[in-house]
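Since every read-out is calculated from the coordinates, none of them should be taken as a lab result. Quick caveat, the model's predicted, so the values are computed rather than measured. FYI the Cβ positions are ideal-geometry reconstructions off the backbone, even for glycines, and counts take in every protein chain you see.
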């Protein structure tokens, strides 16, 4: 049985002065809330950190999907799991031993995710899939919201989907970057089943309705509608 699509609005596109309210606006409609953590080293941008995640975790029951765009994730990632994140994703490019870190995250109570940036081939990491709960394929260059979707990245999604299906693994394939009503169907058709949407949700007049529309479009392409 195919899993239902996950819609994970990115609070990177929300109003940072009203974070708790912005998260409350998607309660009951979003599956996860996507939290981008950037350190101004791994990517040239600086965003939320652990103290904000800890505070925000107390304000909502939506599962947190934390995406760490940081150096030295071995040092910092377990803290996000301990803070109550449902899924913690770190970048392949920043980690020397992804399997060890995935085990640490699971031991700390979170799902373990591996992110693959735009310019990184996915093939070297396919053998790690049994140790992961999520693979995040960047459909833009990591670091800034509002970029245009890169359809050529979907070949990576197809490659991961093929390996997941052949080995009957329970791994979510997530896409992040430029996901909106006019791109989500392509991503779902390629094999993605979790979708990060920033501007498409928080730039909409009705975020909850935008989420419902995205979920419907993805479900139809996944053969669930």
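Label positions at residue 141 and residue 20, each projected 7 Å from the Cα along the C-beta direction, are separated by 3.8 nm. Note on the chain: helix-only mean residue ellipticity at 222 nm, from DSSP H runs of 4+ residues weighted -39500 (n - 2.57) and normalised by residue number, equals -9000 deg cm²/dmol.
Could you state the number of Å between the C-alpha centres of segment 159-225 and segment 29-69? So the separation of the two Cα centres works out to 20 Å. Among 4, 29, 148, 17, a tally of other beta-carbon atoms within 10 Å of each Cβ gives an order, fewest to most, of 17, 148, 4, 29. With both residues required to sit in segment 6-221, DSSP beta bridges show an antiparallel share near 5%. Rounded is the label for the chain. Its Cα gyration tensor axes, ordered a ≥ b ≥ c, give a/c under 1.5.
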